[in-house]
Amino acid sequence: MTTDCVNPSAAEDDYSKTVALIKSLRDPDPFLRSVAECALFHTYSEAAAPAFIEALDDPDPRIRLIAAQGAFRFARDLESAGRICDAIAPLLKSEDREHRETARHLIWYLDTHLPAVRGALLEALADTDAQTRRVVMFPLIEAGPNAAFAIPALLRELEDPDRPPNRSVAAVCLGAIGANAASAVEPLTRRLGDQDTRVREAAEEALRRIRAAGRGTPDL
(Lines give C-alpha, C1' and ligand atoms only; values in the text may rest on other atoms or scores of the structure.)
Protein backbone atom coordinates (compact mmCIF):
# COMPACT_ATOMS: atom_id res chain seq x y z
CA MET A 1 0.00 0.00 0.00
CA THR A 2 1.40 3.41 -0.96
CA THR A 3 1.77 6.30 1.43
CA ASP A 4 -0.85 8.26 -0.52
CA CYS A 5 -3.47 5.67 0.38
CA VAL A 6 -3.03 6.14 4.11
CA ASN A 7 -1.80 9.72 4.44
CA PRO A 8 -4.06 12.47 3.05
CA SER A 9 -1.42 15.11 3.72
CA ALA A 10 1.02 13.25 1.43
CA ALA A 11 -1.58 13.27 -1.35
CA GLU A 12 -2.14 17.01 -0.86
CA ASP A 13 1.62 17.52 -0.96
CA ASP A 14 1.91 15.65 -4.29
CA TYR A 15 -0.86 17.81 -5.73
CA SER A 16 0.81 21.03 -4.54
CA LYS A 17 4.19 19.95 -5.90
CA THR A 18 2.66 19.20 -9.30
CA VAL A 19 0.93 22.59 -9.41
CA ALA A 20 4.25 24.27 -8.57
CA LEU A 21 6.09 22.32 -11.27
CA ILE A 22 3.50 23.29 -13.87
CA LYS A 23 3.92 26.95 -12.87
CA SER A 24 7.68 26.51 -13.30
CA LEU A 25 7.10 25.73 -16.99
CA ARG A 26 6.62 29.50 -17.39
CA ASP A 27 9.92 30.39 -15.72
CA PRO A 28 12.18 32.57 -17.92
CA ASP A 29 15.14 30.30 -17.09
CA PRO A 30 15.22 27.51 -19.73
CA PHE A 31 17.13 25.23 -17.34
CA LEU A 32 14.40 25.47 -14.69
CA ARG A 33 11.74 24.86 -17.31
CA SER A 34 13.60 21.75 -18.47
CA VAL A 35 13.94 20.44 -14.90
CA ALA A 36 10.23 21.01 -14.25
CA GLU A 37 9.23 19.24 -17.47
CA CYS A 38 11.43 16.25 -16.60
CA ALA A 39 9.97 16.05 -13.09
CA LEU A 40 6.41 16.18 -14.45
CA PHE A 41 7.23 13.44 -16.93
CA HIS A 42 8.16 11.19 -13.99
CA THR A 43 5.15 12.08 -11.82
CA TYR A 44 2.93 9.04 -11.29
CA SER A 45 1.09 9.82 -8.08
CA GLU A 46 -2.70 9.56 -8.41
CA ALA A 47 -2.90 12.65 -6.20
CA ALA A 48 -1.25 14.67 -8.98
CA ALA A 49 -3.98 13.85 -11.51
CA PRO A 50 -6.22 16.86 -10.68
CA ALA A 51 -3.30 19.24 -11.22
CA PHE A 52 -2.65 17.81 -14.68
CA ILE A 53 -6.37 17.92 -15.54
CA GLU A 54 -6.63 21.56 -14.44
CA ALA A 55 -3.63 22.50 -16.60
CA LEU A 56 -5.37 21.14 -19.71
CA ASP A 57 -7.10 24.54 -19.91
CA ASP A 58 -3.83 26.50 -19.90
CA PRO A 59 -3.60 29.05 -22.74
CA ASP A 60 -0.04 27.93 -23.52
CA PRO A 61 -0.21 24.98 -25.97
CA ARG A 62 3.13 23.60 -24.72
CA ILE A 63 1.82 23.44 -21.17
CA ARG A 64 -1.40 21.81 -22.38
CA LEU A 65 0.63 19.09 -24.08
CA ILE A 66 2.74 18.42 -20.99
CA ALA A 67 -0.43 18.35 -18.90
CA ALA A 68 -2.03 15.93 -21.34
CA GLN A 69 1.01 13.64 -21.15
CA GLY A 70 0.57 13.52 -17.38
CA ALA A 71 -3.21 13.36 -17.37
CA PHE A 72 -3.56 10.46 -19.80
CA ARG A 73 -1.91 8.17 -17.23
CA PHE A 74 -5.02 8.62 -15.11
CA ALA A 75 -7.64 8.85 -17.89
CA ARG A 76 -9.86 6.05 -16.66
CA ASP A 77 -13.18 7.86 -17.00
CA LEU A 78 -15.15 9.70 -19.67
CA GLU A 79 -14.71 13.13 -18.16
CA SER A 80 -10.92 13.11 -17.92
CA ALA A 81 -10.48 11.47 -21.34
CA GLY A 82 -12.84 14.04 -22.82
CA ARG A 83 -10.88 16.93 -21.36
CA ILE A 84 -7.61 15.51 -22.66
CA CYS A 85 -9.08 15.21 -26.15
CA ASP A 86 -10.48 18.73 -25.99
CA ALA A 87 -7.01 20.01 -25.05
CA ILE A 88 -4.96 18.18 -27.67
CA ALA A 89 -7.33 17.85 -30.65
CA PRO A 90 -6.73 21.47 -31.79
CA LEU A 91 -2.98 20.84 -31.55
CA LEU A 92 -3.23 18.18 -34.25
CA LYS A 93 -3.44 21.18 -36.60
CA SER A 94 -0.79 23.29 -34.87
CA GLU A 95 1.80 25.07 -36.99
CA ASP A 96 4.39 23.83 -34.51
CA ARG A 97 5.61 20.44 -35.74
CA GLU A 98 6.59 19.26 -32.24
CA HIS A 99 3.11 20.07 -30.94
CA ARG A 100 1.47 18.20 -33.81
CA GLU A 101 3.60 15.08 -33.36
CA THR A 102 3.16 14.98 -29.58
CA ALA A 103 -0.61 15.39 -29.92
CA ARG A 104 -0.75 12.58 -32.49
CA HIS A 105 1.15 10.22 -30.21
CA LEU A 106 -1.04 11.04 -27.22
CA ILE A 107 -4.15 10.20 -29.24
CA TRP A 108 -2.67 6.74 -29.84
CA TYR A 109 -2.64 5.96 -26.13
CA LEU A 110 -6.23 6.91 -25.36
CA ASP A 111 -8.96 4.26 -25.23
CA THR A 112 -10.94 4.17 -28.51
CA HIS A 113 -13.94 2.87 -26.55
CA LEU A 114 -14.44 6.37 -25.14
CA PRO A 115 -16.78 8.66 -27.15
CA ALA A 116 -14.53 11.68 -26.68
CA VAL A 117 -11.57 9.79 -28.14
CA ARG A 118 -13.64 8.60 -31.08
CA GLY A 119 -14.75 12.14 -31.74
CA ALA A 120 -11.16 13.41 -31.73
CA LEU A 121 -10.07 10.65 -34.11
CA LEU A 122 -12.93 11.33 -36.52
CA GLU A 123 -12.14 15.04 -36.50
CA ALA A 124 -8.49 14.29 -37.27
CA LEU A 125 -9.53 11.92 -40.07
CA ALA A 126 -11.37 14.86 -41.66
CA ASP A 127 -8.29 17.09 -41.49
CA THR A 128 -6.94 18.63 -44.69
CA ASP A 129 -3.42 17.48 -43.78
CA ALA A 130 -2.79 14.00 -45.22
CA GLN A 131 -0.08 13.13 -42.69
CA THR A 132 -2.39 13.91 -39.78
CA ARG A 133 -5.05 11.64 -41.26
CA ARG A 134 -2.54 8.85 -41.82
CA VAL A 135 -1.03 9.01 -38.34
CA VAL A 136 -4.37 8.85 -36.54
CA MET A 137 -5.28 5.69 -38.46
CA PHE A 138 -2.65 3.68 -36.57
CA PRO A 139 -4.55 3.53 -33.25
CA LEU A 140 -7.52 2.28 -35.26
CA ILE A 141 -5.46 -0.73 -36.35
CA GLU A 142 -4.81 -1.51 -32.70
CA ALA A 143 -8.51 -1.06 -31.88
CA GLY A 144 -9.49 -3.76 -34.39
CA PRO A 145 -13.26 -4.41 -34.46
CA ASN A 146 -13.79 -1.49 -32.06
CA ALA A 147 -12.75 0.88 -34.85
CA ALA A 148 -15.90 0.17 -36.87
CA PHE A 149 -17.13 3.69 -36.06
CA ALA A 150 -14.44 5.02 -38.45
CA ILE A 151 -15.35 2.91 -41.50
CA PRO A 152 -16.85 5.80 -43.54
CA ALA A 153 -13.71 7.89 -43.00
CA LEU A 154 -11.46 4.95 -43.85
CA LEU A 155 -13.36 4.33 -47.07
CA ARG A 156 -12.73 7.96 -48.03
CA GLU A 157 -9.02 7.47 -47.42
CA LEU A 158 -9.07 4.28 -49.46
CA GLU A 159 -10.27 6.32 -52.44
CA ASP A 160 -7.70 9.12 -52.08
CA PRO A 161 -6.20 9.27 -55.59
CA ASP A 162 -3.07 11.20 -54.63
CA ARG A 163 -1.78 9.47 -51.49
CA PRO A 164 -0.89 5.76 -51.75
CA PRO A 165 0.42 5.63 -48.13
CA ASN A 166 -2.99 6.74 -46.87
CA ARG A 167 -4.75 4.19 -49.08
CA SER A 168 -2.56 1.36 -47.83
CA VAL A 169 -2.97 2.25 -44.13
CA ALA A 170 -6.73 2.61 -44.61
CA ALA A 171 -6.82 -0.88 -46.11
CA VAL A 172 -4.90 -2.28 -43.14
CA CYS A 173 -7.38 -0.60 -40.77
CA LEU A 174 -10.36 -2.08 -42.58
CA GLY A 175 -8.81 -5.53 -42.45
CA ALA A 176 -8.22 -5.16 -38.72
CA ILE A 177 -11.89 -4.29 -38.19
CA GLY A 178 -12.84 -7.64 -39.71
CA ALA A 179 -16.38 -8.80 -40.36
CA ASN A 180 -17.89 -5.42 -39.47
CA ALA A 181 -16.06 -3.96 -42.47
CA ALA A 182 -18.02 -6.06 -44.97
CA SER A 183 -19.09 -2.85 -46.72
CA ALA A 184 -15.44 -2.34 -47.66
CA VAL A 185 -15.15 -5.55 -49.69
CA GLU A 186 -16.09 -3.93 -53.00
CA PRO A 187 -13.79 -0.87 -52.71
CA LEU A 188 -10.97 -3.09 -51.44
CA THR A 189 -11.46 -5.39 -54.40
CA ARG A 190 -11.03 -2.40 -56.71
CA ARG A 191 -7.75 -1.63 -54.95
CA LEU A 192 -6.36 -5.01 -56.03
CA GLY A 193 -5.68 -3.19 -59.29
CA ASP A 194 -4.04 -0.18 -57.63
CA GLN A 195 -0.88 1.14 -59.26
CA ASP A 196 0.93 1.05 -55.91
CA THR A 197 2.27 -2.33 -54.78
CA ARG A 198 1.77 -1.56 -51.07
CA VAL A 199 -1.86 -0.68 -51.63
CA ARG A 200 -2.50 -3.88 -53.62
CA GLU A 201 -0.87 -6.01 -50.93
CA ALA A 202 -2.72 -4.25 -48.10
CA ALA A 203 -6.04 -4.61 -49.93
CA GLU A 204 -5.46 -8.32 -50.54
CA GLU A 205 -4.62 -8.95 -46.89
CA ALA A 206 -7.57 -6.86 -45.73
CA LEU A 207 -9.97 -8.87 -47.88
CA ARG A 208 -8.54 -12.11 -46.49
CA ARG A 209 -9.02 -10.91 -42.91
CA ILE A 210 -12.55 -9.62 -43.47
CA ARG A 211 -13.65 -12.87 -45.13
CA ALA A 212 -11.95 -15.01 -42.50
CA ALA A 213 -13.67 -13.04 -39.73
CA GLY A 214 -17.01 -13.41 -41.50
CA ARG A 215 -16.59 -17.18 -41.57
CA GLY A 216 -15.43 -17.26 -37.97
CA THR A 217 -12.05 -18.56 -39.12
CA PRO A 218 -9.09 -17.79 -36.84
CA ASP A 219 -6.91 -15.02 -38.32
CA LEU A 220 -3.54 -16.72 -38.61
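Of note:
- For the residues R163, R133, R191, R167, the requirement of being free of Cβ contacts under 8 Å to residues at least 40 places away in the same chain, surrounded by fewer than 21 Cβ atoms within 10 Å (Cβ to Cβ) and basic (K, R) singles out R163.
- Condition met for R209 (modelled with pLDDT of 95 or more and either on the phi > 0 side of the Ramachandran plot or part of a helix (DSSP H, G or I) (or both)): yes
- Scanning segment 22-40 for residues that are in a helix (DSSP H, G or I) and crowded, with 19+ Cβ neighbours inside 10 Å yields I22, A36, L40.
- Scanning segment 90-100 for residues that are assigned to a helix (DSSP H, G or I) and closer than 15 Å to A120 by Cα returns P90, L91, L92, K93, R100.
- Only one of the numbered conditions (1) within 30 Å of A143 (Cα to Cα); (2) at pLDDT below 75; (3) surrounded by fewer than 18 Cβ atoms within 10 Å (Cβ to Cβ); (4) not small (G, A, S) is not met by N7, and that is (1).
Condition check ((1) buried (at least 20 other Cβ atoms within 10 Å of the Cβ); (2) closer than 28 Å to Q131 by Cβ; (3) of a type in the set (D, E)) across all residues:
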position: E12; (1), (2), (3): no, no, yes
position: A20; (1), (2), (3): no, no, no
position: H42; (1), (2), (3): no, no, no
position: P59; (1), (2), (3): no, yes, no
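The values are calculated or read from the model by the stated rules, or taken from the named source; none is laboratory data. Everything numeric here is computed off the predicted structure, so don't read it as measured data. Note that each Cβ is placed from the backbone with ideal geometry, even for glycine, and that neighbours are counted across all protein chains shown.
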